[in-house]
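The values are calculated or read from the model by the stated rules, or taken from the named source; none is laboratory data. Nothing here was measured: the structure is a model prediction, and the numbers come from that model. Cβ placement follows ideal geometry from the backbone for every residue including glycine, while neighbour counts extend to all protein chains displayed. Side chains included, ligands, DNA and RNA excluded: accessible areas come from the protein's heavy atoms. Shrake-Rupley method; radii C 1.70, N 1.55, O 1.52, S 1.80 Å.
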Amino acid sequence: AGLWFAEYAKANNIDPKILIVGQPAYADCRMRVDGFKAGLDEAGLAYEVKQEVDGGGSKETSLKVAQDAITANPDINVIFGINDNSATGGMAAYKEAGLDESALTVIGFGFEGVVGREALLGNTPYKAAVAMFPDYMGVSLIDASVKAAKGEELPANYESGTVVITADNFADFYTKDGDAYLTNFDAIRALMNQ
């Protein structure tokens, strides 16, 4: 996510003033934030983290804490959220503050449900998210269970694949079927073979 945003920021002349909506009680959420910053640093992007807040992983809490952060730092123009609810809660706070949404870039992590997908496709500031494909993780667990039952050797670790999803590549990984989104498992398997 950090590498993607650094490229996006450079291409769009963004001077990043970042709000991070995290959930520091959990190591994996802290690692998401650390990884985002490491990507920015690796890309050589100059940026300023204006504030880091604990959104608790919920949209309601993220909205509340982001409201305070945006009031204190109205120059924020980037929000990184550790999940869809954190990212969209921060985005809602920005909108409620009456700030120019065209100046905002939102990046999420997880892309685990309808909230993030609708935000990404809805012509909003939500521009990208790291997709973890939780439904594919389930498929991977079943595949590993079948192999274990057959006595086949299993790797020490399974990777389920992640990718930055944007409006441009969304259709490579998802199709809409009524109110649901169907995941393209073959596209995820192809990620694993790269």
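Looking at segment 144-155, is at least one residue in a loop (DSSP other than H, G, I, E, B), without any contact (Cβ under 8 Å) to a residue 24 or more places away in the chain and hydroxyl-bearing (Ser, Thr, Tyr)? Even if it seems obvious, please write down each step before you answer.
Here is the first cut: in segment 144-155, the residues in a loop (DSSP other than H, G, I, E, B) are 150-155.
Filter once more, so that each one left must be without any contact (Cβ under 8 Å) to a residue 24 or more places away in the chain: 150-155.
Still in the list and also hydroxyl-bearing (Ser, Thr, Tyr): none.
Checking segment 144-155: not a single residue is in a loop (DSSP other than H, G, I, E, B), without any contact (Cβ under 8 Å) to a residue 24 or more places away in the chain and hydroxyl-bearing (Ser, Thr, Tyr).
Only residues that are in contact with a strand residue (DSSP E or B) (Cβ under 8 Å, 6 or more places away or on another chain), among the aliphatic types (A, V, I, L, M) and open to solvent by less than 60 Å² (accessible area, probe 1.4 Å): list them for segment 24-67, please.
Val33, Val49, Val53, Val65, Ala66
Residues are listed down the side, and each one gets a yes or a no for (1) closer than 23 Å to Leu182 by Cβ; (2) in contact with a Ser or Thr (Cβ under 7 Å, 6 or more places away or on another chain); (3) modelled with pLDDT of 95 or more; (4) charged (D, E, K, R):
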residue	(1), (2), (3), (4)
Glu52	no, no, yes, yes
Ser102	no, no, yes, no
Asp135	yes, yes, no, yes
Lys150	no, no, yes, yes
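Residue-by-condition table, conditions (1) surrounded by fewer than 14 Cβ atoms within 10 Å (Cβ to Cβ); (2) out of contact with any Asp or Glu (no Cβ under 6 Å at 6 or more places or on another chain); (3) at pLDDT 90 or above; (4) small (Gly, Ala, Ser):
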{"position": "Leu99", "(1), (2), (3), (4)": "no, yes, yes, no"}
{"position": "Thr105", "(1), (2), (3), (4)": "no, yes, yes, no"}
{"position": "Ala119", "(1), (2), (3), (4)": "no, yes, yes, yes"}
{"position": "Pro125", "(1), (2), (3), (4)": "no, no, yes, no"}
{"position": "Ala131", "(1), (2), (3), (4)": "no, yes, yes, yes"}
{"position": "Ala144", "(1), (2), (3), (4)": "no, yes, no, yes"}
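So which residues in segment 107-117 are among the hydrophobic types (A, V, I, L, M, F, W, C), without any contact (Cβ under 8 Å) to a residue 60 or more places away in the chain and open to solvent by less than 40 Å² (accessible area, probe 1.4 Å)? Break it down stepwise before answering.
As a first pass, look at segment 107-117 and keep what is among the hydrophobic types (A, V, I, L, M, F, W, C): 107, 109, 111, 114-115.
Keeping just the survivors that are without any contact (Cβ under 8 Å) to a residue 60 or more places away in the chain gives 111, 115.
Selection gives Phe111 alone.
Determine the pairs where a residue that is more than 15 Å from Val49 (Cβ to Cβ) and among the charged types (D, E, K, R), located within segment 78-96, has a partner that is part of a helix (DSSP H, G or I) and open to solvent by less than 10 Å² (accessible area, probe 1.4 Å) with Cβ atoms under 6 Å apart, the partner being 6 or more residues away or on another chain.
Asp84/Gly116
Restricting to segment 167-194, give me the number of residues that are within 24 Å of Thr105 (Cβ to Cβ), in contact (Cβ under 8 Å) with a residue 12 or more places away in the chain and not aliphatic (A, V, I, L, M).
Of the residues in segment 167-194, 5 are within 24 Å of Thr105 (Cβ to Cβ), in contact (Cβ under 8 Å) with a residue 12 or more places away in the chain and not aliphatic (A, V, I, L, M).
Return the only residue of Thr175, Thr162, Thr183 being of a type in the set (Ser, Thr, Tyr), open to solvent by 70 Å² or more (accessible area, probe 1.4 Å), under 21 Å from the mean Cα position of the chain (by Cα) and over 22 Å from Ile18 (Cβ atoms).
Details: Thr162 fails: over 22 Å from Ile18 (Cβ atoms); Thr183 fails: open to solvent by 70 Å² or more (accessible area, probe 1.4 Å).
That would be Thr175, the only listed residue that is of a type in the set (Ser, Thr, Tyr), open to solvent by 70 Å² or more (accessible area, probe 1.4 Å), under 21 Å from the mean Cα position of the chain (by Cα) and over 22 Å from Ile18 (Cβ atoms).
Every residue in segment 1-38 that is hydroxyl-bearing (Ser, Thr, Tyr) and within 15 Å of Thr162 (Cβ to Cβ), please. Can you show your working first?
Taking segment 1-38 as the starting set, the residues that turn out to be hydroxyl-bearing (Ser, Thr, Tyr) are 8, 26.
Selection gives nothing.
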